[in-house]
1. Quick check on H471: is it surrounded by 13 or more Cβ atoms within 10 Å (Cβ to Cβ), of a type outside the set (A, V, I, L, M, F, W, C) and over 41 Å from the mean Cα position of the chain (by Cα)?
2. What's the number of the condition G171 fails, among (1) touching an Asp or Glu at 6+ places or on another chain (Cβ under 8 Å); (2) under 30 Å from T89 (Cβ atoms)?
3. Any chance the stretch 399-411 includes a residue that's surrounded by 12 or more Cβ atoms within 10 Å (Cβ to Cβ), modelled with pLDDT of 95 or more and farther than 30 Å from H292 by Cα?
4. If I ask for residues that are of a type in the set (A, V, I, L, M, F, W, C) and within 11 Å of P352 (Cα to Cα), which ones from the stretch 415-434 would you list?
5. Has the stretch 338-353 got any residue that is part of a strand (DSSP E or B) and not aromatic (F, W, Y)?
6. Restricting the stretch 72-87 to residues that are surrounded by fewer than 19 Cβ atoms within 10 Å (Cβ to Cβ) and within 22 Å of the chain's Cα centre (by Cα), which is farthest from L200 (Cα to Cα)?
7. Only residues that are at pLDDT below 95 and of a type in the set (V, I, T): list them for the stretch 360-394, please.
8. Scan the stretch 183-227 for residues that are more than 24 Å from P373 (Cβ to Cβ), modelled with pLDDT of 90 or more and of a type in the set (D, E, K, R) and jot them down.
Amino acid sequence: MRTLVLLTALLCPSLARAGERTTEGVGLTIYSSPFAANAPRQVWNARAQRWEMQESGYAVVKEWRKLRLEQGRNTVRFTDVAARIDATTVHFRSLADPAGTYVMEQNFEYDLVSAEKILSRYIDRELSVDLEGGKTVVGTLLSFDGAQIVLKTEDPATPIQILQRGGNVKGLRFGALPGGLITKPTLLWLLDVKKAGEQLAKVTYQTTGLSWAADYSVVLSPDDSLMDLSGWVTITNQSGARYEDAELKLVAGDVHRATEPGRGGDRDALASKSRRSEADGGFEQKAFFEYHLYTLGRRTTLPDSSIKQMELLSPAEGVPVRKIFLYYGGVGGQPYGGQPYFDRNFGITSNPKVDIFLQFRNGREQGLGKPFPAGRVRVYKKDEADGALEFIGEDAIDHTPKDEKVLLKLGSAFDLVGERKQTDFQVDTRAHWLKESFEIRLRNHKDVDVEVIVKENLYRWSNWKLEANSHEFTKEDARTIQFAVKVPKDGETVVTYSVRYTW
């Protein structure tokens, strides 16, 4: 039955669009990006005519507006669009008479009014320059730059005058606004209309400068065994447009985009309507294609150059969490080359820090079991002296499905110290073997016993075997082993092992 409905929608667009809206409005579908890509980048702001730092991210904007059209050819100006619009994705459709309203031409105009733009259009035209003291110089503009204006005047004593901008120049006066300049980014269509009258049109386009990310807050229990977790959405609008009473959707997932985008179509025509939370107007989540879609159950306004936060996940209390101490004493290995790595000094640098991690499972039995969009997780703990929540670390997570584990790095333990040194190194290239030994010391200055996981990379060659080891270990992958060891309070534990490589 679902297949039949989909085929009917594809083959009969008029039936698929039978429930098309009849009122004006705006809708936004904002797409998340991999968290590493959320760093600001430099982009050209067409409205301000300058380079600016812009948050990554993009959105599909859908606007429904009523237009008064005449029979025949019509020129339609559509203002208040995003300054960072991707003009190649613009799509116009009349909902009242789609078959009888034909788009002949489509343009995006962004040559916005500025002092420099007006001056460039006034070359060889008369200009009035007001100076300090009430004096006015009138002349023909010959040239200009950021520092000065060059005028040809009727004064025989000074036929050419160079006036310093930022000096005694107080104002410029122009006879009229030159043609071709606009005050807002504008879409312009040349339409061929068969039926005169008022029509509701739908305009769809993509724009950059709109981004969203999840922000999570975690509060640890006094014994660090439980946590309370809440999630918020942070939406950044730097697109150059204001969206009033917008219908908002958020897409979580890694959506691929081509480097050279083609012309956009009516991308939401076959999108199923999502259920909304009528009780609180919050986000309703559902799986959508291979991503997750969050639909806000109320309308919201996103001003330009603004950041808005809204609750994404209802708070979950008493979630079991595990605190992990990890000592990674080496500086890490490197991929295997064409032969074993013989440099005895490689990998012997010791890192004294023992890192702190929190781990929890995103399962229903833990009180969670929800998809977590990519974002930043900030962790707090209450100071029992005054009841204040104090910040103890943060980490970033990628998109995380339900039933997966989440690992957060918070920092390094103040009272735990590690020390790693190479105690033996032997190699016999003719017999094709290499042997290496290490000693790892863990010192605990806390007043309680702790468990520390010692992580070691066996990076010299793919064939290896531990010949001696002081503690049991687990093999995490082809080149990584871990020792889970107890370190007594105000005490020290020593881990030793010897590994033999053969080839």
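The values are calculated or read from the model by the stated rules, or taken from the named source; none is laboratory data. These numbers were taken from a predicted model, which means no experiment stands behind them. Here Cβ is always computed from backbone atoms with ideal geometry, including for glycine, and neighbour counts include all displayed protein chains.
1. So H471 passes the test.
2. (2)
3. yes
4. Answer for the stretch 415-434, where residues must be of a type in the set (A, V, I, L, M, F, W, C) and within 11 Å of P352 (Cα to Cα): L416, V417.
5. Among the residues of the stretch 338-353, at least one is part of a strand (DSSP E or B) and not aromatic (F, W, Y), which makes the answer yes.
6. Result: D86.
7. Of everything in the stretch 360-394, nothing turns out to be at pLDDT below 95 and of a type in the set (V, I, T).
8. Those that are more than 24 Å from P373 (Cβ to Cβ), modelled with pLDDT of 90 or more and of a type in the set (D, E, K, R): D192, K194, K195, E198, K202, D223, D224.
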